[in-house]
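Nothing in this text is a laboratory measurement; each read-out follows from the coordinates by a stated rule. Small disclaimer: the values here were computed from a predicted structure and weren't measured. Note: ideal-geometry Cβ built from the backbone for every residue, glycine included; neighbour counts use all protein chains shown.
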Amino acid sequence: MQKKISFVLPIYNEEGNIPLMYTQLCEVVLQLEKDFEIQIVLVNDGSRDQSWPLLEKLVQHDERITAINLSRNFGHQLALTAGYDHASGDAVITMDADLQDPPHLVLQMIDKWLAGADIVYARRADRTDGFLKKLTADLYYRFLDTISDVRIPRYVGDFRLIDKKVLSFLQTSREKSRYLRGMVAWAGFKQEFIDFKRPNRHAGVTGYTWSKMIKLAFDGMTGFSLFPLRVAAFVGLFVVLSGAGMFFFMIADMLIYAVSYPLFKWLAVIMYLFMGLQFLLLWIVGEYIGRIFEQQKGRPLYLISGLAKDVNCVAQKGKLDEARIRSLYQ
Ligand code: UDP
Ligand code: MG
């Protein structure tokens, strides 16, 4: 049976890009249509320009398109999620609608998928963004890499192909603060990369304001690491240890050299110590909150990429000796 490929594109004020984006996508689709069934899911994320009327027109001319109109601007990640929810392909490709993710790369992605990859990321080998965005992105990716529990690939955005195994995980996992590239990385499976030079946006302006970017960065950190909650532990430990040091120093001073400290100095050290204790208690509360948070995310406990059991195997009673097991490797 023919395999199906779905394209998902989130659209926010992209009226200037839709015609060219659609034309370029169609060129790629034309090549693919010999071998695959095609679905195109276009998600309008509360655009304030003519994007939605344009999409309605496209739908009338192209039966492969499903257009979704969100009731307001929910943001890139949720627009992508709505797209994933309506995608039914064996592989799903997400890409931006502003032509920063060149459609022709899709062919290489599909080749890698056919060769066995479950996730194919397009990695930005060379960013054309401004200095500040480049610097902050670089620092952020490094930091996230250090603190996160899963290895989230660097320099990848949301231009990627995922197999339907990963799709069903994204469709069933309903955590609210979605950082999709983290969730995809969390899923595991066989991952591959394609490097590309990211061009500038074709028309219009970026929909990613600084505030949206900061929210995304926080979703990435809080969704994949409990480190921020544990900061209190480091502060508390430092304060308690240094406070105890000062306290015992004063006691020793008093006992050995008969130095008498005024009451306010004792009070200062004792209050300092108790502040440290409060931080430690805050950390313990944080650990519980972290566990509640992990639980409410409702991610599956594990995902399985394959099962092996051969019902036709020759019944092997007794043991396989080591030499025979080794011979299996050859
Ligand atoms: N986008 C969206 N909702 C938003 C912001 C952006 O659906 O609130 C879409 C946008 O139309 C584009 C993609 O997400 O297809 C990437 O956004 P953008 O190009 O503005 O981000 P940048 O490439 O500057 O990081
Ligand atoms: Mg863009």
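Using Cβ counts within 10 Å as a stand-in for footprinting exposure, how do Arg198, Arg299, Arg142, Arg72 rank, fewest first?
Listed from fewest to most nearby Cβ atoms, that is Arg72, Arg142, Arg299, Arg198.
Quick check for me: using +1 on Lys/Arg Cβ and -1 on Asp/Glu Cβ, what's the dipole size of the range 15-72 about its Cα centre, in debye to the nearest 20?
In total the dipole reaches around 200 debye.
About the Cα centre, and with charges only on the beta carbon of Lys, Arg (+1) and Asp, Glu (-1), how big is the dipole of the chain? Nearest 20 debye, please. Write down the numbers at each step before the final one.
On the way: 39 positive and 35 negative charges, 169 e Å.
Using only the charged Cβ atoms, the result is roughly 800 debye.
Rg/Rh for the range 1-43 to two decimals, with Rh computed the Kirkwood way over all alpha-carbon pairs.
1.03
Pick out the long, greasy-scoring helices in the chain: whole DSSP H runs spanning 15 Å or more along their own axis by Cα, mean Kyte-Doolittle at least 1.6.
Sorted by number, the helices that extend far enough and score high enough are 227-257.
Principal axis lengths of the chain from Cα atoms, whole Å, largest first?
Extents along the principal axes: 93, 71, 34 Å.
Counting only helical runs of four or more DSSP H residues, what would the 222 nm mean residue ellipticity of the chain come to if each run contributes -39,500 (n - 2.57) and the total is spread over all its residues?
Computed mean residue ellipticity for the chain: -17000 deg cm²/dmol.
What are the aspartates and glutamates whose alpha-carbon lies under 16 Å from the alpha-carbon of Lys176, with same-chain residues fewer than 8 places away excluded?
Asp85, Asp219, Glu294
Under 12 Å Cα to Cα from Lys197, which aspartates and glutamates show up? Leave out anything in the same chain fewer than 8 places away.
Asp101, Asp126, Asp129
Using a cut-off of 13 Å between beta-carbons, work out the net charge of the residues near Glu294 (Lys and Arg +1, Asp and Glu -1, Glu294 not included).
After counting each charged neighbour, the total is 0.
Going by how many other beta carbons lie within 10 Å of each one, how would you line up Tyr302, Tyr272, fewest first?
Values: Tyr302 6, Tyr272 16.
Going from least to most buried by this count: Tyr302, Tyr272.
Give or take rounding to whole Å, what are the principal axis extents of the alpha carbon atoms in the range 131-198, in descending order?
The Cα atoms of the range 131-198 stretch 38, 26, 18 Å along their principal axes.
Past 24 Å, Cα to Cα: identify those pairs from Lys212/Lys297; Lys112/Lys164; Lys165/Lys212, in the order given.
On the way: Lys212/Lys297 21 Å; Lys112/Lys164 15 Å; Lys165/Lys212 29 Å.
Cα-Cα > 24 Å for Lys165/Lys212; rest within.
Suppose we keep just the alpha-carbon trace of the range 199-330; what are its Rg and Dmax in angstrom?
29.7, 87
Taking 20 °C and 1.002 mPa s as the conditions, I'd like the Stokes-Einstein D for the range 164-242 in µm²/s, using the Kirkwood hydrodynamic radius from alpha carbon pairs. If you can, show how the numbers build up before the last one.
Numbers: Rh = 16.3 Å.
Rounded to a whole number, D works out at 132 µm²/s.
P(r) for the range 239-287: what percent of alpha-carbon pairs falls in each 5 Å bin, starting at zero?
5, 22, 23, 20, 13, 8, 5, 3, 1
All other residues with a Cβ under 11 Å from the Cβ of Leu42 taken together, and with Lys, Arg as +1 and Asp, Glu as -1, what is their net charge?
Computed value for this residue: -3.
Let me know the whole percent of all Cα-Cα pairs from the range 37-179 that are separated by more than 24 Å.
Here the tail beyond 24 Å accounts for 39 percent of pairs.
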